[in-house]
Amino acid sequence: MHPKINLKTAALLTLPPMLWAGNAVVGRVVAPLVSPMTLNLLRWAVAFALLLPLAAPVLHRSSALWPSWRRFVLLSMLAIGGYNALLYLSLNTSTPLNVTLVGSSTPVWMLLIGRVFFGTPISHKQWLGAVMSIAGVMLVLCRGDLAVLLQVRLVAGDVYMLLASAAWAYYSWMLVHPTTEPPEIKRDWSAFLLAQIAFGLVWSSLAAGTEWALGLGRLQISWPMAGALMFISLGPALLAYRSWGAGVSRAGPSVAGFFINLTPLFTAVLSAAFLGELPHLYHALAFVLIVGGIAVSSRR
């Protein structure tokens with residue numbers, strides 16, 4: 001049985017997609033100023049610096065972190081290193097439409113990984129919820145015109161997005177089962193997140209270093225760049241990851257995964273707002289489908 005979604009849990013799981021949508025909009029704005037892997041590295045470096053005063057003891061030599069360092073290496077590789085690297089690779093080899101469409105498979109990955117690796121059964125309501133959620137994302141992507149979807153052709157680069165979705169799903173399950181982190185770290189959200197970021201900086205540095213080695217790196221220092229970096233470090237990095245971890249622990253990964261599909265809806269609305277356009281009817285219909293999928297999947 002999955003816990004019933006209450007208002008606080010819904011708020012915790014809705015905030016990350018909203019912030020990640022803002023990340024996508026800001027990322028497009030600063031794209032001419034900084035290359036993707038470099039932006040990701042800078043984002044987590046700033047997040048590390050902001051979080052360090054709150055949880056520095058977790059990195060001390062005597063900390064309980066080090067006996068469990070392999071688990072934190074895996075957590076950071078899946079969420080901070082692997083997911084972001086695969087997402088950026090998919091955007092370099094596919095279209096944003098394809099990437100978002102393939103990314104809408106995350107709820108399905110949540111269900112399948114929970115069943116295969118963690119022995120969690122899948123109910124008929126969860127499958128129905130997944131179908132409704134994916135249909136809502138498709139409605140946003142095609143802007144209410146089915147002909148747009150019929151023109152989509154999947155390419156090899158879309159495999160990267162499939163792997164990224166699977167990595168995020170496995171990461172989410174690891175947050176709650178099995179929980180082998182030292183209790184003193186697991187109870188302290190800042191220590192738990194700082195430990196992940198510390199190892200994640202290694203993965204992000206490798207990705208950014210490869211980017212520059214291939215001659216693809218770029219960085220232009222400016223005040224807009226600094227403002228954007230502060231936003232994505234505080235919001236989509238620290239606040240979103242903290243909120244997601246708390247929401248997953250309350251609702252479970254299977255239910256939480258459905259909230260991911262709010263991201264393209266929020267992205268479309270934010271983009272429309274910045275462009276001065278009014279929301280359309282299909283935005284409302286998509287919202288009904290995605291939220292309906294969450295409601296159906298989380299019913300007892």
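What follows draws every value from the coordinates through simple rules; no lab data is involved. All values derive from a computational prediction rather than experimental measurement. Glycine gets a Cβ as well: all are built from the backbone with ideal geometry, and neighbour counts include every protein chain shown.
Working from Cα pairs under 8 Å separated by at least six residues, relative contact order for the stretch 7-297 is 43 percent.
Computed packing ranks the peptides 48-57, 128-137 as 128-137, 48-57, most packed first, by mean other Cβ atoms within 10 Å. When each of the peptides 59-69, 240-250, 35-45 is scored by the mean number of other C-beta atoms lying within 10 Å of its residues, the order from highest to lowest reads 35-45, 240-250, 59-69. Under the simplified labelling scheme, the PHE231-PHE117 pair shows an inter-label distance of 3.3 nm, with each label point 7 Å from Cα along Cα→Cβ. Between LEU239 and LYS8, the modelled label-to-label distance comes to 2.0 nm, taking each label 7 Å out from Cα in the direction of the beta carbon. Ranked by the mean number of other Cβ atoms within 10 Å per residue, highest first, peptides 226-238, 160-172, 21-33 order as 160-172, 226-238, 21-33. Here the alpha carbons of the stretch 7-297 define both size measures, Rg and Dmax, at 18.7, 60 Å. In this rough spin-label picture, where each label sits 7 Å from Cα along the Cβ direction, the ALA64-THR210 distance is 3.5 nm.
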